[in-house]
Amino acid sequence: GAGVSQTPSNKVTEKGKYVELRCDPISGHTALYWYRQSLGQGPEFLIYFQGTGAADDSGLPNDRFFAVRPEGSVSTLKIQRTERGDSAVYLCASSPTGGAAYNEQFFGPGTRLTVL
Amino acid sequence: AQSVTQPDIHITVSEGASLELRCNYSYGATPYLFWYVQSPGQGLQLLLKYFSGDTLVQGIKGFEAEFKRSQSSFNLRKPSVHWSDAAEYFCAVGSYSSASKIIFGSGTRLSIRP
């Protein structure tokens, strides 16, 4: 079956603009995660959804970042007033049930965001 | 707080040679440990994981890792590397108490010499 998909694969925007990044998890997976990967670094946890609700958003860096998953499937990561420091690859992952410690997370290919 | 250190930024080995990638973690209780591989243009893929039990863990693609509590290490090994193993490798740690989070190391880039 299809894996995790993310769109767009690349996004270039200007400082101060608003962007939306989309994640389509594997069908039937109830848990969804967003990570940010800066150049030369490992992925950094942002937020975790269990179903429609954000179970843990402690990794969101500030209130410019927001994510939704209204129907418990597709998720959108929203970044307001983008800054150059937001440039990174944004990764989405899903797993069959919640709890990263128990279940393998299946990662998408990422969206590369460049803020000029 | 949990943390993961991968001391080697870049390693080059000859095809057919053995490989060991180092990983050290910091965590008070028994951690859950993972190794992921990231190939160019591909998503992260889980190679293996340790939760409990046998400290030598077998994974996919011929990789194995050994959990050593006394050294706070979880090194990844492969007896004979193939050119297709060239990729970025990430060690990660999770815990029962913070079930939603995985903390990743900064990665080791593996190059294969023909």
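The values are calculated or read from the model by the stated rules, or taken from the named source; none is laboratory data. Everything numeric in this text was worked out from a predicted model, so none of it was measured. Counting neighbours? That spans all protein chains shown, and the Cβs are built from the backbone with ideal geometry, glycine included. Quick note on the areas: whole protein, heavy atoms, side chains included, nothing else; ligands and nucleic acids left out. Shrake-Rupley method; radii C 1.70, N 1.55, O 1.52, S 1.80 Å.
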Task: Identity of the residue in region B:42-57, assigned to a loop (DSSP other than H, G, I, E, B) and within 18 Å of B:Tyr89 (Cα to Cα), that ends up farthest from the other protein chains (Cβ to nearest Cβ) - done: B:Gln42
Open item on the list: Go through region A:35-87 and report how many residues are under 30 Å from B:Thr108 (Cβ atoms), among the charged types (D, E, K, R) and buried (at least 19 other Cβ atoms within 10 Å of the Cβ).
Closed with: 3
Open item on the list: Regarding region A:9-21, can at least one residue be identified that is of a type in the set (Ser, Thr, Tyr), in a strand (DSSP E or B) and over 24 Å from B:Gly107 (Cβ atoms)?
Closed with: yes
Task: Pair list, Cβ under 7 Å, 6 or more apart: region B:23-45 residue over 17 Å from B:Asn75 (Cβ atoms), other residue open to solvent by less than 50 Å² (accessible area, probe 1.4 Å) and of a type in the set (Asp, Glu) - done: B:Gln38/B:Glu88
Open item on the list: So in region B:30-41, with the set limited to residues that are in a loop (DSSP other than H, G, I, E, B) and under 19 Å from B:Lys101 (Cβ atoms), which one is least open to solvent (accessible area, probe 1.4 Å)?
Closed with: B:Pro31
TODO: Pick out the one residue from A:Arg112, A:Arg84, A:Arg36 that is among the basic types (Lys, Arg) and away from chain B (no Cβ under 14 Å).
DONE: A:Arg84
- [ ] Out of B:Glu88, B:Glu15, B:Glu20, report the one residue that is away from every other protein chain (no Cβ under 14 Å) and under 12 Å from the mean Cα position of the chain (by Cα).
- [x] B:Glu20
- [ ] Say whether the condition of being in contact with a Phe, Trp or Tyr (Cβ under 9 Å, 6 or more places away or on another chain), more than 9 Å from every other protein chain (Cβ to nearest Cβ) and under 25 Å from B:Val93 (Cβ atoms) is met by at least one residue in region A:13-23.
- [x] yes
Task: Sole residue being under 27 Å from A:Gln6 (Cα atoms) and at pLDDT below 95, chosen from B:Gln42, B:Gln2 - done: B:Gln42
Task: strands (runs of 3 or more DSSP E) enclosed by region A:27-116 - at least 1 residues per element that are small (Gly, Ala, Ser) - done: A:31-37, A:53-56, A:65-68, A:75-79, A:88-95
